[in-house]
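Following: one structure in structure tokens, then a few remarks.
The values are calculated or read from the model by the stated rules, or taken from the named source; none is laboratory data. As the structure is a prediction and not an experimental result, all values here were calculated from the model. Methodologically, a virtual Cβ is constructed for each residue, glycine included, from the backbone with ideal geometry; neighbour enumeration extends over all protein chains shown. The area values use the complete protein model at the heavy-atom level, side chains included, leaving out ligands, DNA and RNA. Shrake-Rupley method; radii C 1.70, N 1.55, O 1.52, S 1.80 Å.
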Amino acid sequence: MSLHIPFDNSYARLPGKFYARLNPTPAKDPHLIRFNTELADELGITPGEPDDAAQVFSGNRVPDGSEPLAQAYAGHQFGGFSPQLGDGRANLLGEVVDAAGNRRDIQLKGSGPTPWSRMGDGRAWLGPVLREYVVSEAMHALGIPTSRALAAVATGEPVYRESGALPGAVLTRVAASHIRVGTFQYFAARRDTEALQTLYDHVIDRHFPEVHNPTDLLRRVIDKQARLIAQWLSVGFIHGVMNTDNTTLSGETIDYGPCAFVDTYDPQTVYSSIDAHGRYAYDNQVKIIVWNMAQLATSLVPLMPDTEEAVEAFTEAVHAMPERIGAEWLATFGRKIGLAAATPEDTALINDLLTRMTRERADFTNTFRALGTGKARDQFTDPASFDAWETGWRKRLEAVDDPEGVMAAANPAFIPRNHRVEQMIQAAVEGDYAPFHRLVEVLMRPYEAQPEAADLQRPPEPSEVVQQTFCGT
Ligand code: AMP
Ligand code: MG
């Protein structure tokens, strides 16, 4: 049976100014690295032979029913507005309706230049492709809304970056949609209210059928993003490039670039080499998402009949967001210390632990995981600092049901540790994909003990610590 994708495209039906129609650029000698059979199944895709998949997911063969296009969008990058960004190296092949009835985008990333490539080559090298595969699948398994990875294909062509020639690759990713805050900004910046209305209608129809006006849309997106950011924080995730063009309307995490996970906990952690001022530091993500939602609000104003009323309603919605994030944060971090229903009085207890973790250089993931097994004190340079916190915590737990069960479901044993991701990329560049496959497989069950994978739980040795991550597109 040959590869079949049951396309049902809607974005390609929108007006021409929403995208540029163009086919992916063929790759020289594509080889399938990994194909996500389980996800394919969910999407109703018949996989066919590996070579068939390599041809389609490298962009060499456009499958039946696909209408490839690069999407137009704008965005604030590190706070500065670019009116014209767009997919510079991606092709949306089309959409499918999955087994649950949800519409999903299928997009190639690294599939050649588009009208929005600017100085870029439209390609991706193996490192970022494998990193996005591993991290997006891990986030999904952790229960965090995210784009998914359907396939990774080596192109057999070199890609030239600062460090020299590197192996090229294409990632196929799947998302509820790739509509971004920046998509709204694109039409708002052009004062094209008609296109803005069309985009709005599409988004309502696709993601928020229960919504009846732009204020409600804003509130719903704020809700989803508030929850998402709290979930990121709860696993120590730092996106690294929270530009408005990387913030979705659907509330899914997208565009994994120089993302990373904190090892020893410090709320000011920054890994990205391009984030010189820490704009997208771990704890700053809370403020940035509010700022990004304010940009969405601004671009929705032309859709409201009365500007003054719009500004008032939108301001209220955006100003309410920090409290929403606070509530989500309390709920998620409450579960991490065993409280199924934390109350505002628990905030001090959680913050006290986090302060001690920072001071005593405790590993974020392993400390929380060890809370449930009684070994958390070993994570602190001064274990007495943990003991001092533990007394109050144990007292609080006396009043609750099954804290161990709550913690086991809230504290993963496995996250994609930065040094393991880097080591995996290094091995793959040398032709050994075994660490990549192993990492994916272990990370698909992050809450299970998996003693045979204990090495993937270990924090980095001093020599292994990843100090910086690179956009390294
Ligand atoms: P990102 O930070 O990955 O979200 O990318 C920001 C913008 O740069 C997007 O419009 C990308 O499509 C574009 N871009 C990134 N890398 C490349 C590349 N190698 N070639 C062309 N465009 C690129
Ligand atoms: Mg992007």
Taking the chain and dividing mean pair separation by its residue count, relative contact order in percent (alpha carbons under 8 Å, at least six apart): 14
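Of the listed peptides 181-187, 398-404, what is their order by residue-averaged count of other C-beta atoms within 10 Å, with the highest listed first?
Numbers: 181-187: 27.4, 398-404: 11.7.
So the peptides 181-187, 398-404, ranked by packing, come out 181-187, 398-404.
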Spacing of the two label points (7 Å from each Cα toward its C-beta) at T343 and R161, in nm: 5.1
Exposure rank, largest accessible area first [Y433, Y11, Y19; 1.4 Å]: Y433, Y19, Y11
Bins of 10 Å, starting at 0 and running to the largest distance - Cα pair percent for the chain: 4, 20, 30, 26, 15, 5, 0
Rounded Å value of the spacing that divides the Cα centres of the stretch 13-29 and the stretch 32-100: 11
Accessible surface of T298 - all protein chains present, 1.4 Å probe, nearest 10 Å²: 90
Given charges at Cβ of Lys, Arg, Asp, Glu: the chain dipole, positive-most of N60, F78, L218: F78
Structure-based [θ]222 nm, the chain - -39500 (n - 2.57) summed over DSSP H runs of at least 4, per residue, nearest 500: -12500 deg cm²/dmol
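Taking every DSSP beta bridge that has both residues in the chain, what percent is antiparallel when rounded to the nearest 5? List each step's numbers first, then the result.
On the way: 42 of 44 bridges.
Approximately 95 percent, going by the DSSP bridge assignments.
Sort F35, F333 by accessible area with a 1.4 Å probe, largest first. If you can, show how the numbers build up before the last one.
Numbers: F35 35, F333 0 Å².
Listed by decreasing accessible area, they come as F35, F333.
Once you keep just the Cα pairs under 8 angstrom separated by 6 or more residues, what percentage relative contact order results for the stretch 226-359? Walk me through the numbers before you get to the answer.
On the way: 148 pairs, mean separation 36.3, N = 134.
Relative contact order, the stretch 226-359: 27 percent.
When every alpha-carbon pair in the stretch 380-473 is counted, what percent end up more than 19 Å apart?
Working: 2618 of 4371 pairs.
Cα-Cα pairs of the stretch 380-473 separated by over 19 Å account for 60 percent.
Highest mean first, how do 434-441, 111-118, 447-454, 68-75 rank when packing is the count of other Cβ atoms within 10 Å averaged over residues?
Highest to lowest by the protection proxy: 68-75, 111-118, 434-441, 447-454.
Kindly report the accessible area of the stretch 83-156 per residue (heavy atoms of protein chains, probe 1.4 Å, no ligands, DNA or RNA), in Å². Could you put the intermediate results ahead of the total?
Values: 1920 Å² over 74 residues.
It amounts to 26 Å² per residue over the stretch 83-156.
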Mean projected area (nm²) of the alpha-carbon convex hull when the stretch 11-175 is viewed from all directions: 10.3
Distance from the stretch 168-215 to the stretch 311-384 (C-alpha centre basis), Å: 33
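Ranked highest first by average number of other Cβ atoms within 10 Å, how do 269-281, 246-258 line up? Intermediate results must be reported in sequence, preceding the final value.
On the way: 269-281: 17.5, 246-258: 23.0.
In descending order of packing, they fall as 246-258, 269-281.
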